[in-house]
Amino acid sequence: MLACHSQHSASYIREALAPFLKDEEARLMAERGAKRSAVQHLLCAATSPARKQQEESLTYLNQGQSYEIRMLNSKLVEYTGSKYVKSIVRVVFHDRRLQYLEHQQLEGWRWSRPGDRILDVDIPLSVGILEPRSHPLHLNTIEFLWDPFKNASVFIQVNCISTEFTPRKHGGEKGVPFRIQLDTFTTNEKGEYMEHVHSSDCLVKVFKPKGADRKLKTDREKMDKKVPEDRAKYQLSYENTVLKECSPWPDALSLSSHSSSGSPSPVYQNSPPSCGFTDGNCSPNQPPELLSCCDHLLPSSTPQDTQLWLHQYRFSALSRLFCSFSGADLLRMSREDLIQVCGPADGIRLFNTMKGRCVRPRLTLYVCQQAAGRPPPNTPVYHAVYLGELTLLDLSEKIAVLYGVSPQQITHIYREKASGIHLSVSDEMVQNFREESSFLLSIMRDVNADGFHVVLK
């Protein structure tokens, strides 16, 4: 009797609250729908019909072919007050294992395809985009500005194929899938494109030219042969691919954190700070105290200090990989750990740089400074000059240090032969100097310029 009364009360409460619950549900659904429809990106390429209903849709692309990404963002203006927004398009690995080895894989591709890019933008076909840029070190990334008040289209070209990253290459391998991700930013109060607005991506496989068309045709023929009951288990093929909302790429997250901390970001900015990391080296405008704090990586170094240290020593490509590492975290890693994570070349160089290993000079010379017009002293004193590069420029810099002048003030370097003639020193001559050669140095003012001539005897 009590149970019946309890059930009757619960039913009465549900009926009483039904109109309110229905209105609340409708409001929430409308809010979600508005948020979803605020930003929509379409890749103009057909999806595969050979994907099961519970699987993510898959799109086939041809290597080097231009594909349109339409940015249908009529409501994006409600989320940003800036005239333009910046979008960054990336081609990244889908497999988790390859994501951890991304830098090593991309470096291997760079060496096998010198001068090529993984991702390009087809500027003549694109509509409504401004300042398209591609970073020389980030082969898989492009970026551009566009007006959210207008629909825009960017045409992209993916120049690598999925089978280039398979472990075995004997023919007939299944290629690895990629993700095409688009992150969009608006400006902060400083006018820098650092405020993340939206991210979306889709799953793709890239084939050799015409290969995607053949694969799509094969998939459709396979589906046509299936009985209707089996065909219902698979997705329909659509002419365009909708990029689904996703989490921002780690670089995108670092943009928001950098904007609050004031430290620079490794990706392009509309107004770069005093030390931009786009070329892997700090600019001359950076304060001297900031440079000096990065000379040595210490266990007490913060993640921000570690990032500065990596960029100063030309490890910019590894900055995202070690974005949350402190100095202590990085110093704990062994040589084998770094080689496994960064690849042999960068791993060994990073280990040696962290441990302060001295780089063996390529050439050692011994020079004795001689005053012009005076004979050499009875017991001449020689200085060792270590050349890291076999170039005239490196030799000029080392001699300039001996005489306390700037390298730009040394206008010419000559080598005096036994016959008294002077030969102009070139890179080729420096490369042919014998190891541990000895020279008498004399310096004289250049009457035609504000500089000096140096003579090697």
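The table below lists the values:
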{"quantity": "Gyration tensor verdict on the range 378-457 (Cα atoms; rounded if a/c is under 1.5, prolate if a/b is larger than b/c, oblate otherwise)", "calculated": "rounded"}
{"quantity": "Net length gained if the chain between ASP230 and ASP122 were fully extended (0.36 nm per residue, minus Cα distance)", "calculated": "34.8 nm"}
{"quantity": "Portion, in percent, of the accessible area of the range 85-198 that falls on carbon or sulfur, probe 1.4 Å", "calculated": "53 percent"}
{"quantity": "Solvent exposure of the range 104-186 as accessible area per residue, Å², 1.4 Å probe", "calculated": "47 Å²"}
{"quantity": "Backbone N within the range 407-445 under 15 Å of label point (7 Å from THR364 Cα along the Cβ vector)", "calculated": "434-439"}
{"quantity": "Of LYS174/LYS225; LYS150/LYS226; LYS205/LYS226; LYS52/LYS83, pairs whose Cα-Cα distance is over 32 Å", "calculated": "LYS150/LYS226; LYS52/LYS83"}
{"quantity": "Which of LEU402, LEU338 is most accessible, then next, and so on - probe 1.4 Å", "calculated": "LEU402, LEU338"}
{"quantity": "Packing-based ranking, highest mean first, of 132-143, 108-119, 303-314 given that Cβ atoms within 10 Å are counted", "calculated": "303-314, 132-143, 108-119"}
{"quantity": "Solvent-accessible area per residue for the range 339-457 (1.4 angstrom probe, square angstrom)", "calculated": "62 Å²"}
{"quantity": "Alpha carbon centroid spacing (whole Å) that separates the range 181-195 from the range 421-455", "calculated": "53 Å"}
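The values are calculated or read from the model by the stated rules, or taken from the named source; none is laboratory data. Computed from a prediction, not measured in an experiment: that's the story for all the values here. Counting neighbours? That spans all protein chains shown, and the Cβs are built from the backbone with ideal geometry, glycine included. In case anyone asks, the SASA skips ligands and DNA or RNA and just uses the protein heavy atoms, side chains included. Shrake-Rupley method; radii C 1.70, N 1.55, O 1.52, S 1.80 Å.
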